[in-house]
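Asks: Right, I'll just put the structure down here and ask away after.
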Amino acid sequence: MAKPFEIPELLASILRFVDTDDLPATALINLAWSVPSQRRLFSEIQLHVEDGRYQPCRSLLATFERSPHLAQFVQELGVEELPPDYMKRLGDISFPRLVTLRARLFVVRDDSDEVVVRTMQTLLRCPLLQCVTIYCYFQQREDFLRMWDGCSDSIRHLAYASGTRFDFVVEPSDAHTSRQRRPIKLVSFHSVDSCDRTGSWLLDPSCPFDVSGLKAFRFDKPLVDPLATILAPALESLELFSTGRDDNRRDLSPYSRLVQLDMDLSLPIDSNFRLIRTILPENRSKLRVIRFHAFQLYRDNALKLANKLSSIHHDFPNLRIVQIVVLLPNTQLEKNWKRYFRKLDPGIDLQWEFRGDERQPWYTKVHLVT
């Protein structure tokens, strides 16, 4: 008969309440405790050099080199600005159960960065990999494309983090000279601080991504044909962020399956709601979630936002969640938001997130409506 505290399910529940710093100690209790402790301890790994301190990163790489079986527990891996010799060591480690990869790389610009490309090739070939976030400034088209050669068939979610740019996205490539690659069929694509040609490049023959079946999309530029036409049939979640002007080219009428809509409040509130109303009447019953993102939100705008939400609810009968994310602190708003929105339909779940001045990560996470 198994001892109660050695039943795997019970151990996993107990270890959820154990502080990460104590997991190395629990792993030494006995063999039954060792594997669950190691699984949680190594499930999410960050490899980066902070303030010139190489020792933590060097020790972690050495741990995986000395005990390769520990890499099987890694499901989420962050790689941030590692020197080439560390990148090479990382490329020699196998992560068979890696699901999420975030890579903030050195600028890839010449042959000296070949090790970065090869290591990324290795990581992108992890068989269970699904979510990839990349922050990098590429200057060579071929360097970027080679990373995806032979990549995992499981990749479904891709995000270009803020700051990722492509100097090579200037002219369309010659379809006759582009190497044939198996397209990566994406379910979600996030592009933050998109460069002007990113949209057209997604349709370029050299692009390794197939976006025709996207269900979630974030873009910082106006969506125009032909990309909008390709995305419209399948898209369920759309995040549109301002280019700094009231752009009348934005139109949601082609999108017949929208369930979730994210918008920012840097444009006048009237402009946001004018855009919402471009959803065709026969498609409005599908919309369930609206998120508004604001750097700052003051009383007058909060009241106007509340009135606008009240005015559209009868046109969107299945709207159930409105979430408002405020980045900069506003004590008055935090205290009084319930009073500002007291006239909002009680069927709507109003959710607020005040992030304050905390340091935000360089990456974003994809939110899919299920």
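No lab work stands behind these numbers, since they all come straight from the coordinates. Bear in mind that the values here come from a model prediction, so they are computed numbers and not experimental data. When we count neighbours, we look across all protein chains shown, and the Cβ atoms used for this are built from the backbone with ideal geometry, even at glycine.
Asks: Applying the Karplus parametrisation 6.51 cos²θ - 1.76 cosθ + 1.60 with θ = phi - 60° to the phi angles of segment 64-73, what ³J(HN,Hα) value in whole Hz is obtained for each residue in order, glycine and proline being reported as x?
Replies: Running phi through 6.51 cos²θ - 1.76 cosθ + 1.60 with θ = phi - 60° gives 5, 5, 7, 10, x, 5, 5, 5, 5, 8 Hz.
Asks: Whole-Hz Karplus ³J(HN,Hα) for segment 269-276, in order, using 6.51 cos²θ - 1.76 cosθ + 1.60 and θ = phi - 60°, x for Gly and Pro?
Replies: 4, 4, 5, 4, 6, 5, 5, 4
Asks: How far apart, in nm, are the 7 Å Cα→Cβ label points at Gln72 and Leu280?
Replies: Simple spin-label model gives 5.2 nm for this pair.
Asks: Over all distinct Cα pairs, what is the inverse of the mean 1/r for segment 250-298, reported as the Kirkwood hydrodynamic radius in Å? Kindly include the intermediate steps, with their values, before the conclusion.
Replies: On the way: mean 1/r = 0.0871 Å⁻¹.
Evaluated on segment 250-298, it is 11.5 Å.
Asks: Multiply the residue separation of Leu328 and Asp204 by 0.36 nm, subtract the distance between their alpha-carbon atoms, and state the gained length in nm to one decimal.
Replies: Details: separation 124, 0.36 × 124 = 44.64 nm, distance 3.87 nm.
Additional length available on full extension: 40.8 nm.
Asks: Once fully extended, how much extra length lies between Ser253 and Tyr137, figured as 0.36 nm per residue of separation less the alpha-carbon to alpha-carbon distance? Walk me through the intermediate numbers first.
Replies: Values: separation 116, 0.36 × 116 = 41.76 nm, distance 3.44 nm.
Extending this stretch completely gives an extra 38.3 nm.
Asks: Also, quick follow-up: Could you give each residue of segment 129-135 its phi-based ³J(HN,Hα) in whole Hz, using Karplus coefficients 6.51, -1.76, 1.60 with θ = phi - 60°, and x for Gly or Pro?
Replies: 4, 10, 10, 10, 10, 10, 10
Asks: Could you list Ser206, Ser285, Ser59 in order of exposure, starting from the residue whose Cβ has the fewest other Cβ atoms within 10 Å? Show your work: numbers first, answer last.
Replies: Working: Ser206 18, Ser285 12, Ser59 9.
Ordered from fewest to most neighbouring Cβ atoms within 10 Å, Ser206, Ser285, Ser59 come out as Ser59, Ser285, Ser206.
Asks: At 7 Å along the Cα-to-beta-carbon direction for both Arg97 and Glu353, put a label point, then send me their distance in nm to one decimal.
Replies: About 2.8 nm, to one decimal.
Asks: Mind checking the full-extension length gain between Asp153 and Gln55? Use 0.36 nm per residue of separation minus the Cα-Cα distance, one decimal, nm.
Replies: Values: separation 98, 0.36 × 98 = 35.28 nm, distance 3.50 nm.
Here the segment from Asp153 to Gln55 would lengthen by 31.8 nm.
Asks: So how do Met263, Met120 line up by other beta-carbon neighbours within 10 Å, fewest first? Numbers along the way, then the final one.
Replies: Values: Met263 23, Met120 27.
With the fewest neighbours first, Met263, Met120 line up as Met263, Met120.
Asks: In the structure displayed, which of Lys215/Lys286; Lys88/Lys185; Lys304/Lys343; Lys185/Lys215 lie more than 18 Å apart, Cα to Cα? Could you put the intermediate results ahead of the total?
Replies: Values: Lys215/Lys286 14 Å; Lys88/Lys185 29 Å; Lys304/Lys343 12 Å; Lys185/Lys215 11 Å.
Over 18 Å Cα-Cα: Lys88/Lys185.
Asks: Amide H of Gln323: which non-local residues (sequence gap of 5 or more, or other chain) have their own amide H closer than 5 Å, using H built in the peptide plane?
Replies: Ile290, Arg291, Phe292, Gln351
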